[in-house]
Structures are given as structure tokens and as C-alpha cells.
Amino acid sequence: MGTTGTLKRTSMSLDLETVGALESLATKWNTSKSEVIRRAVRKVKEDEAMKEIRMTPIQAMKWLQENGISQEQADTMREEIRLEREAKRYWWE
């Protein structure tokens, strides 16, 4: 199991759709429903923590304007964006 420390038993009420999704994930991941819930809660907690430290696009622009980036970094970013855009093109284009 991926838990650390002791476990505490709890009960909760879930709608049928959530129960179905929980059972489906437990089967797919070959783990218990409790472990699915633990993983989901950890993931949401991590995502929320990232939101707190992630810059908004405006903050990122201001940071770039104040600190700048090297020409090499700009070239690398430009190439990554170009490749990403090309990958999203349809076969008929």
C-alpha cells in the first residue's frame, strides 16, 4: 500500500455514479477503493498547492519583462511551440 502512518476508518455517503467510478478505478489499478480515494485526495491536494505557486500569464509576462530570458532560452521555447503546433495539424493540412 502507498500509505504512511496509521489508517483511520471513516464512513461517507457517495452517489451511485461515484461508487461506480470508484469501483472501476479500483479494478483498473488493482487496488482497494480506499487506496483510490487516498490517491485522489493526494492528487487534488498537490494540484491545489501548485495553483498557489503557479504564476498567472500576466505575472509570467511581468517577470519576463523584468528579468528577461537568454536568446538560447527564447530559441528553445520558440522551437518547442513550433513543434507543438505542427503536431496539432490535421492530416489534410
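Which order do the peptides 30-37, 9-16, 73-80 take when ranked by the mean count of other beta-carbon atoms within 10 Å per residue, highest first?
Working: 30-37: 14.1, 9-16: 6.9, 73-80: 10.8.
Going from most to least packed, we get 30-37, 73-80, 9-16.
How large is the Kirkwood hydrodynamic radius of segment 1-40, in angstrom, based on all distinct alpha carbon pairs?
Numbers: mean 1/r = 0.0913 Å⁻¹.
Evaluated on segment 1-40, it is 11.0 Å.
If each residue of separation counts as 0.36 nm, what is the full-extension length gain between Glu35 and Thr6 once their alpha-carbon separation is subtracted? Mind dumping the intermediate values first?
Working: separation 29, 0.36 × 29 = 10.44 nm, distance 1.35 nm.
Computed gain between Glu35 and Thr6 is 9.1 nm.
Can you work out the FRET efficiency for the pair Gln73 and Asp47, with r the C-beta to C-beta distance and R0 = 25 Å, to the nearest 0.05? Intermediate results must be reported in sequence, preceding the final value.
Values: r = 27 Å, r/R0 = 1.07.
For Gln73 and Asp47, the calculated efficiency is 0.40.
Work out how far the C-alpha atoms of segment 37-91 reach from end to end along every principal axis, then list the three figures in whole Å, largest first.
Extents along the principal axes: 43, 41, 18 Å.
Using the charge dipole of the chain (Lys, Arg: +1 at Cβ; Asp, Glu: -1 at Cβ; taken about the Cα centre), state which of Met50, Trp29, Ser13 has its Cα farthest towards the positive end.
Value: Ser13.
If I fit a long axis through the Cα atoms of helix 71-87 and take the longest principal axis of the Cα atoms of the chain, what angle between them do I get, 0 to 90°, rounded to 10?
It works out to around 60 degrees.
With angles folded into 0 to 90 degrees, how steeply does helix 33-53 sit against the dominant principal axis of the chain? Use alpha carbons for both and round to 10.
It works out to around 30 degrees.
For the chain, with only Lys/Arg (+1) and Asp/Glu (-1) charged at the beta-carbon, what is the dipole magnitude about the Cα centre, in debye rounded to 20? Each step should come with its number before you reach the end.
On the way: 17 positive and 16 negative charges, 105 e Å.
I would put it at about 500 debye.
Take every Cα-Cα distance within the chain, group them into 5 Å bins from 0 onward, and report for each bin the whole-number percent of pairs it holds.
2, 9, 11, 12, 11, 9, 9, 12, 11, 9, 3, 0
Using helices alone, I'd like the mean residue ellipticity at 222 nm for the chain: each DSSP H run of four-plus residues gives -39500 (n - 2.57), total over residue count, nearest 500.
Helices in the chain give a 222 nm mean residue ellipticity of -22500 deg cm²/dmol.
Please give the helix 16-29 orientation as an angle from the longest Cα principal axis of the chain, in degrees from 0 to 90, rounded to the nearest 10.
Approximately 80 degrees, to the nearest ten.
Run the count for the chain, please: Lys pairs, Cα-Cα under 23 angstrom, 8 or more apart or on different chains.
Pairs that pass both the separation and distance tests number 9.
FYI, it's all coordinate maths here, none of it is from the lab. Model, not experiment: these values are computed from the prediction. Don't worry about glycine lacking a Cβ; one is built from the backbone with ideal geometry, like all the others, and counts go over all protein chains shown.
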